[in-house]
Structure formats: structure tokens, C-alpha cells
Amino acid sequence: MSITSPRILILDDEEEMRTLLLRYLSGQGFEVQLADSARQLDALLAGGTYDVLVLDLMMPDENGLDVCQRLRAAGSTIPIMMLTAKGDPADRIAGMNIGADDYLAKPFDPGELAARLHAIVRRQKMHAKAPEPEANVLFGPFQLDLERRTLLRDGVPVGLTAAEYALLRALASNPDRPLRRDSLMALAAGGNGRRADMGTERSVDVQILRLRRLIEPDAAAPCYIQTVRGIGYRFAPDGTPS
């Protein structure tokens, strides 16, 4: 196994599913580690680093949503892919709202899972290499440090997932400019015009909602990330309406 192979950690309580994913994803160029419980997952996360975490929603002890929420509350920014047997869109929205980066409903084509995992890893690499236009963006009590890829509130770090950071950076790099959702997806993916890596336009709306909850004085009446009817969103660093 090449040392450059993306490292994937999978939590699923079904042995057959774990075996299937191990065999298939290993053949697709991933280094795969398996966990059958939240406790084992925590031990693996404490002992190593991974490029993507794949979480099964339905678990007998601590379900995937709870694990995702706990990791995000602890400040973890590892990209998270949710797997679930449920097809209800509400489950996808719930997962995205608490910090998941992507979602796939069972039964699924293993090839689609591999493609999505490769997209997540590719997006991470593009974010790491993307040139930053300025060192800092200041708005309200916040400082978006583009060199260190962190968001500070009054000097205290604010936990952002990779997807949240990418979207905020895209907005902050184009202040006072109305941006369509597809433009935001391309900018967040690295400005190369490929929109698939950011997911769907609905995913952008969910990420915007999460960002507003983190940075707005009142998420219901946002002043920094404003909705532009018929277009998309506008970042206003001074908080003034468009």
C-alpha cells in the first residue's frame, strides 16, 4: 500500500458491510481501517489520522448522528460521510446540519461511494494548495485567517469543518458581490470550475445555515451572509444590507 493512499476510517456494526467495503475500497486505492463500535472508533481516532470518516447512521450503541455531533462539538474537522438505510431527505438534512460533509443512502453502488470519497480527498488537497488572496478578513468580532485556515472570534478559534471553511473563504474572498450557488460551489472547490466536489446546491444552503449559526448575531436575520433573492448569497463584512 502506497504511503500516499488516502486513509479511510469506517464505522459500521454489520460485519458483512465492513468486509465488502474493506475489499472494494482497498482495491480503489484507499487504505481502510474498520471499527464496529463508537468506542473502537474513538480509540482509532486517538491513535492516528485519517482523510475521511465514514459513519453508519444506524448503530446499536451510539448512532452515526450522535457520533458526528460529538466529534464536531469536540472540534474535529475530519470530513464525514454518512451512510444510512433511511431514504428520508430529513435524515440527510439532519446529518448535514450537525456537521456531515456528504451522505449516501443504503443500498448504494460501492463505485459511487468510492467516487465520493475520492472527491472529498481531492477537495481537501485543493484547499491545502489553493493560493490565499489575503492574510486576513475582518468582520465584526471575527478574523478569518486565510494563511492559517482558521476563524477566530475575539482571538478564540471557532471550529469549522473543511466544507464550512471552504465556503466561508469563497464568500469572504468576494465581498459585497452576489454569488450564485453554482459559483460558490466552484469557488469553494478551488476555483477550477468543477462543482461536483461541493455536493449539491441544496448542500450549499445547508452549509450557509450552519455558518450563520456560528457567526451571525441572529441567524434568522443575518447581516454578514445575506440572501440575494433570485441569485444566491452575498458576504457583507461591514454587516450593512445590500
Filter the stretch 189-218 down to residues that are part of a loop (DSSP other than H, G, I, E, B) and at pLDDT 90 or above and give me whichever is nearest to Val158 (Cα to Cα).
Glu216
With respect to Ile98, determine if the residue is over 21 Å from Val121 (Cβ atoms), touching a residue at least 24 places away in the same chain (Cβ under 8 Å) and crowded, with 17+ Cβ neighbours inside 10 Å.
yes
Got at least one residue in the stretch 49-58 being β-branched (Val, Ile, Thr), assigned by TED's automatic domain parsing to the domain that holds Pro110 and closer than 23 Å to Gly111 by Cβ?
yes
Cβ-Cβ under 7 Å pairs, at least 6 apart or on other chains, the stretch 136-156 side closer than 21 Å to Pro222 by Cα, far side among the small types (Gly, Ala, Ser) and not in a loop (DSSP other than H, G, I, E, B):
Val137/Ala172; Leu144/Ala172
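Can you give me the number of residues within the stretch 43-75 that are in a loop (DSSP other than H, G, I, E, B) and either touching a His at 6+ places or on another chain (Cβ under 8 Å) or touching a residue at least 60 places away in the same chain (Cβ under 8 Å) (or both)? Explain how you work it out, then say what you get.
Let us first name the residues in the stretch 43-75 that are in a loop (DSSP other than H, G, I, E, B), namely 48-51, 57-63, 74-75.
Going one step further and asking which of them are either touching a His at 6+ places or on another chain (Cβ under 8 Å) or touching a residue at least 60 places away in the same chain (Cβ under 8 Å) (or both), we end up with 51, 75.
Here the count works out to 2.
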Conditions: (1) crowded, with 19+ Cβ neighbours inside 10 Å; (2) within 21 Å of Arg148 (Cα to Cα); (3) modelled with pLDDT of 85 or more; (4) of a type outside the set (A, V, I, L, M). Pro175 meets all but one. Number of the miss?
(1)
For Gln28, are the conditions met, namely being surrounded by fewer than 21 Cβ atoms within 10 Å (Cβ to Cβ), assigned by TED's automatic domain parsing to the domain that holds Gly75, touching a residue at least 40 places away in the same chain (Cβ under 8 Å) and more than 20 Å from the chain's Cα centre (by Cα)?
yes
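Go through the stretch 82-172 and tell me which helices (runs of 4 or more DSSP H), entirely inside it, have 3 or more residues that are among the hydrophobic types (A, V, I, L, M, F, W, C) and modelled with pLDDT of 85 or more. Reasoning before the result, please.
Details: elements: 89-97, 110-129, 162-172.
The qualifying helices (runs of 4 or more DSSP H) are 110-129, 162-172.
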Residue hits (the stretch 225-242; buried (at least 16 other Cβ atoms within 10 Å of the Cβ) and within 25 Å of Gly95 (Cβ to Cβ)) are Ile225, Gly232, Tyr233
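The values are calculated or read from the model by the stated rules, or taken from the named source; none is laboratory data. No experiment lies behind these values; they were computed from the predicted model shown. Note: ideal-geometry Cβ built from the backbone for every residue, glycine included; neighbour counts use all protein chains shown.
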